[in-house]
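Below is one structure, written out as structure tokens; the observations come after it.
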Amino acid sequence: MISNIRGERSRIDMTQDQLAEQLGVASTTVRNWENGTTKPSPNQLIAMSDLFGCSVDYLLERSQERVGTFSQTH
């Protein structure tokens, strides 16, 4: 999670402070996520996924693909 959040933030040329402001958290919170001290909440992960245009699984390093596939069954 640490490297993918940092990588995605850097990919869109966003600072830690800008990401924190976008998510409504303190700058230290983003720093703590990136250094592994704490982890984002599920809602924060979803917000970052939407912002970065990638899957939550990618942010969690559960997938190597930025955008996952979605399968819906009825």
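The values are calculated or read from the model by the stated rules, or taken from the named source; none is laboratory data. Quick caveat: nothing in here was measured; it's all calculated off a predicted structure. For neighbour counting, all protein chains shown are included, and Cβ atoms are generated from backbone atoms with ideal geometry for every residue, glycine included.
A count restricted to region 7-29 and to residues that are within 19 Å of Val56 (Cα to Cα), of a type in the set (Ser, Thr, Tyr) and surrounded by fewer than 14 Cβ atoms within 10 Å (Cβ to Cβ) stands at 1.
Taken together, the criteria place Leu19 among residues that are within 10 Å of the chain's Cα centre (by Cα) and at pLDDT 95 or above. Checked against the criterion of being surrounded by 15 or more Cβ atoms within 10 Å (Cβ to Cβ) and either charged (D, E, K, R) or in contact with a His (Cβ under 7 Å, 6 or more places away or on another chain) (or both), region 35-56 contains not a single residue that satisfies it.
Residue count for region 57-67 satisfying the condition of being surrounded by fewer than 17 Cβ atoms within 10 Å (Cβ to Cβ) and of a type in the set (A, V, I, L, M): 2. Figure legend. Inter-residue proximity from region 25-49: first residues modelled with pLDDT of 95 or more, second residues exposed (fewer than 13 other Cβ atoms within 10 Å of the Cβ) and not in a loop (DSSP other than H, G, I, E, B), beta-carbon distance below 7 Å, spacing 6+ or different chains. Indicated pairs: Ser27/Asp17.
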